[in-house]
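Take a look at the structure below.
The values are calculated or read from the model by the stated rules, or taken from the named source; none is laboratory data. In this text, all values refer to a predicted model and were calculated from it rather than measured experimentally. Positions of Cβ are backbone-derived with ideal geometry, glycine not excepted, and every protein chain shown enters the neighbour counts. Ligands, DNA and RNA are excluded from the accessible area calculation, which covers all protein heavy atoms including side chains. Shrake-Rupley method; radii C 1.70, N 1.55, O 1.52, S 1.80 Å.
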Amino acid sequence: MKPMLLIVTAIVAFASIVARADAIDTEHSFGFTIGTDIGELGERELESNTLSRLGKRAGSYSALSQVLSLEYTANQNLRLEVSAAGAYHDISGVPQLDDWRRGAFDGLSFDIRYRILDRAHAPFGLMIDTEPRWGRLDDVSGEPVDRYGVDLAIVADKELVPNRIVAAFNVVYLPDVVRSRVTGMWSRQATIGVATALMAQIGPDLFIGTEARYLRSYDGLGLDRFAGHGFFFGPTVHAKLSERSWISLAWSVQVAGQSADDPASLDLRNFERHQATLKFGFTF
């Protein structure tokens with residue numbers, strides 16, 4: 001954990017010398033982690049999220065998803081979002097996966113975020129996030145499926161230094177029920193995990209930080225059989241491009257983990273070696 005401590009120490013020290021700092025909005029500050037801010041009442045926002053997942057044990061593997069979302073803040077504590085996704089898989093020579101190169105429309109989702117505590121009036125922010133989703137492609141293999149799931153998260157954040165440094169913590173449960181459109185077989189799996197992030201404002205429109213995530217994969221919705229686990233760590237950058245637009249970039253590397261049926265280090269069956277996300281949005 002020494003690299004993480006060194007990075008956190010450097011962020012705190014650098015942020016402490018910045019003269020000017022604007023109010024922090026954690027709605028989009030992080031990469032893979034989310035914060036409890038949900039925007040101003042009546043605010044509408046269009047967001048693009050490009051997610052890249054790269055690298056398996058052998059062969060060539062890349063999976064790209066592109067999500068477009070329309071968000072609306074219905075009241076001061078409730079944000080609604082509808083999303084459409086496309087996906088592209090390029091797989092060659094990966095054990096247990098068919099060679100595949102294809103892009104297609106993937107599916108739809110509907111996200112509901114409800115803020116329980118506003119950190120402006122409480123010791124910390126607290127929110128619950130629920131996102132039912134339907135998909136047409138298997139996340140890993142890219143093969144045609146009918147996929148039904150829901151992303152559930154408990155979210156907390158707190159400003160460690162007002163208007164300078166903010167930390168966030170997420171607990172997630174991600175169940176999926178999948179039917180193969182090739183074989184007709186059904187499968188059930190779930191991922192649970194925790195994520196934490198630290199961001200520092202180093203300028204009026206620029207944040208830098210780091211994120212760490214620990215994920216465990218299981219067969220069965222009730223966490224019936226352990227399939228593997230992975231620990232991811234990497235940097236995050238967020239910038240305000242204007243009063244109405246912003247951009248965020250995060251890169252995460254699997255630095256530890258193991259699959260239940262593979263003695264080699266890292267879990268490259270259930271997860272990837274690298275994950276990166278590029279987000280862009282503007283309000284109107």
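Miscellaneous remarks
- Taking residues in the stretch 56-71 that are farther than 30 Å from D37 by Cα and open to solvent by less than 30 Å² (accessible area, probe 1.4 Å), and partners anywhere that are of a type in the set (K, R) and part of a loop (DSSP other than H, G, I, E, B), the pairs with Cβ atoms closer than 8 Å and at least 6 places apart or on different chains are K56/R269; K56/R273.
- Test result for V145, under 21 Å from R113 (Cα atoms) and modelled with pLDDT of 95 or more: no
- Summed over the stretch 73-91, the residues that are over 30 Å from L41 (Cα atoms), open to solvent by less than 60 Å² (accessible area, probe 1.4 Å) and over 17 Å from the mean Cα position of the chain (by Cα) give a count of 3.
- So R101, is it open to solvent by 40 Å² or more (accessible area, probe 1.4 Å), part of a strand (DSSP E or B), among the basic types (K, R) and under 30 Å from D262 (Cα atoms): yes
- Restricting attention to the stretch 173-193, the residues that are closer than 19 Å to I112 by Cα and touching an Asp or Glu at 6+ places or on another chain (Cβ under 7 Å) add up to 1.
- Residues that are buried (at least 20 other Cβ atoms within 10 Å of the Cβ) and in contact with a Phe, Trp or Tyr (Cβ under 8 Å, 6 or more places away or on another chain), drawn from the stretch 249-270: A250, S252, Q254, G257
- Residue list for the stretch 236-248, restricted to those being open to solvent by less than 80 Å² (accessible area, probe 1.4 Å) and either among the charged types (D, E, K, R) or part of a strand (DSSP E or B) (or both): T236, V237, H238, A239, K240, S245, W246, I247, S248
- Residue match in the stretch 217-227 (condition: at pLDDT 95 or above and under 20 Å from the mean Cα position of the chain (by Cα)): yes
- Across the stretch 75-98, the number of residues qualifying as in contact (Cβ under 8 Å) with a residue 24 or more places away in the chain, assigned to a strand (DSSP E or B) and not aromatic (F, W, Y) comes to 14.
- Of the strands (runs of 3 or more DSSP E) lying entirely inside the stretch 132-235, those containing at least 1 residues that are buried (at least 17 other Cβ atoms within 10 Å of the Cβ) and of a type in the set (D, E) span 144-161, 165-180, 206-219.
- Only a single item in (1) of a type in the set (V, I, T); (2) in a strand (DSSP E or B); (3) open to solvent by less than 40 Å² (accessible area, probe 1.4 Å) is not met by I116, and it is number (3).
- Any hit, the stretch 194-204, residues being on the phi > 0 side of the Ramachandran plot and in contact with a strand residue (DSSP E or B) (Cβ under 7 Å, 6 or more places away or on another chain): no
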